[in-house]
Amino acid sequence: MPATRIVLPARARKGEVVEIKTIITHPMETGYRRDHVGLAIARDIITRFTCTYAGEEVFRMDLFTGVAANPFVGFTTLATETGEVVFEWTDQHGTVTREQRRLVVV
Amino acid sequence: MARRGRRAALGAAGASLMLLAALPAAGQTATEPGIAAGDRKSGRDFLAPETRAQQDDLSINPGMLWVEQGEKLWREAAGAGAKACASCHGDPSALKGVAARYPAYDARLQRLLNLEGRIQNCRLEHQRAAPLPYESQALLALTALVAHQSRGLPLNVATKGPARPFLAAGRAMFFTQQGQLSISCAQCHDDNWGKRLRAERISQGQPNGFPTYRLEWQTTGSLHRRLRACFQGVRAEPFAAGSPELVALELYLAARARGLPIETPAVRR
Amino acid sequence: MQPGDSNPSRRKVLAGAIGIVVLPLTGHQAHATPENMAEAMGEALGAGAAPKSGRVKLVLPELAENGNSVPLRISVESPMTAADHVDTIYVFSERNPVSNVVRFHLGPRSGRAQVMTSIRLAGTQHITVVARMSDGSLWSSAANVVVTQAACIDDT
């Protein structure tokens, strides 16, 4: 299971723009590298990252082989209501890594 | 004079591959710094501003992923003792300052231990749990967590008393020309730091940011992994990660870096 | 010290440097061309799409220390309202094996049109960023990054 790190404030004022940063351990293997005996290393990448907030998608990212290993992304969202912020990373095999945090809006 | 002294040391050290046996002659000042305290520069000083920013801003520092994994492991009970690190040590912040003193001599084990070695030993003796191999993600995470508690504190290892012979062995290794290229650590990192090698400025080879997230590795790694890469760079057979030879070299590097602040997790190119 | 042997360190290091230079020429990768990028842009943006220059600000180092991971920040001038916002941000490479690098999908709930990530660059090149607005208009900006190579091999 990949490890993840999520940086977002626990609370925000309504209407405030909240900065969110996430990172996940993943080699983002391009498929263009070779191992020590010259065999091609198969492509293995995360292809999609989504963030939903109080049930609605607020951000999505499509990843290709040009995204660096351990994909990092920073983005913003408007604090609208207290709710769950759900992060999902989907790899090329369809495996999903899911994390969630509660954002309290005052 | 200084140069002649170094040449003599090189000759003496180079004559013996049994570095641990190459103890200093009586009166040798094994603690002499390779770079004067005022001139010591962290690898951070040799980075592009973007990479520096990546290290300084913990919200984007990729190495913090390992620190956070370390926090999880810290609280996880393991082994026959069913104890977690937290069971004995409490909060990780209780270990603030510890990393600045490692490697350190353990009188009971009669061994020089670096931080990884200390954690491995804790796991073995107190948790009675399966060993954490060197360079495993779990050991890197715990080491990063403990070292991170000392972020900003100056390196300050003990070099006197029982640490002396280890320091001397590490120092001898540092000045020994090695590998097919026959280059010593000192020739790059004492004598030529700041100069360009292709597009890169040669650093002082300081150890104050480990475990470090290296862009080249695309992951977090230990000082010993970095040292092994140096050995390979000069086409020498590298010592094993966690070997007594590399722990002794680590002690010399830490003494040579005295006063530099711990930056774990550092970000390097 | 012998005459003519006045600076053994420098000589050795220089010799080492020459040796070190030779090795890293391994792992030659398939590189794309600017034509590949134009093709990928056509597919993503629609044939004949002609993004206007402007509104997109892109921050990349002029000199990347390592092509494995280059920090990229993008911001787009937009009020980010329901009526007028950034819909998609595309990042294209003219030299990577895959021309599409990454895409971001934003909306009025983003609050700001501002994203950051780290990308791979297979060598010195131009990176092109295109933003598709909610009215369908396309805006773009490009930046050149010089990617340097490490001096020492690292096979650990």
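Here are the numbers:
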quantity	calculated
For the stretch B:165-170, 3J(HN,Hα) per residue [Karplus equation, 6.51 cos²θ - 1.76 cosθ + 1.60, θ = phi - 60°, Hz, x = Gly/Pro]	x, 5, 4, 5, 5, x
Radius ratio Rg over Rh of the stretch A:57-106, counting only Cα atoms, Kirkwood formula for Rh	1.01
Diffusion coefficient, µm² s⁻¹, Stokes-Einstein with Kirkwood Rh over alpha-carbon pairs of chain A at 25 °C and 0.890 mPa s	165
Intensity falloff of chain B expressed as log10 I(q)/I(0), Debye formula with alpha-carbon point scatterers, at q = 0.07, 0.12, 0.17 Å⁻¹	-0.24, -0.72, -1.42
The stretch C:106-156 - Kirkwood radius from inverse mean 1/r over Cα pairs (Å)	14.4
Antiparallel bridges, percent of DSSP beta bridges restricted to the protein assembly as shown (to nearest 5)	90
Charge dipole of chain B about the Cα centre (unit charges at C-beta), most positive-ward option of B:THR143, B:ALA84, B:ALA240	B:ALA240
Neighbour net charge for C:ASN36 - beta-carbon separation under 15 angstrom, K R +1, D E -1	-3
Dipole magnitude of the protein assembly as shown about its Cα centre (Cβ charges: Lys, Arg +1; Asp, Glu -1), debye to nearest 20	1860
Residue among B:ALA255, B:ALA147, B:ALA53 with the largest mean-square fluctuation in a Gaussian network model of chain B, springs linking Cα atoms under 10 Å	B:ALA53
Principal semi-axes in Å for the stretch C:20-156 [√(5λ), Cα gyration tensor, largest first]	31, 16, 11
Cut-off 9 Å between beta-carbons: net charge of the residues surrounding B:GLU200, Lys and Arg +1, Asp and Glu -1	+3
Equivalent ellipsoid, the stretch B:204-269 (semi-axes from 5 times Cα gyration tensor eigenvalues, Å)	18, 16, 10
Net charge of neighbours whose Cβ lies under 13 Å from the Cβ of C:GLY107, counting Lys and Arg as +1 and Asp and Glu as -1	0
Radius of gyration and maximum dimension Dmax of the protein assembly as shown, Cα, Å	25.4, 82
Principal axes of the stretch B:83-191: Cα extent on each, largest first, Å	48, 28, 27
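Every read-out reported here was derived from the displayed coordinates using simple, explicitly stated rules and does not represent laboratory data. Since the model is a prediction, treat every value here as computed from it, not as a measurement. Neighbour counts run over all protein chains shown; Cβ positions are idealised from the backbone, glycine included.
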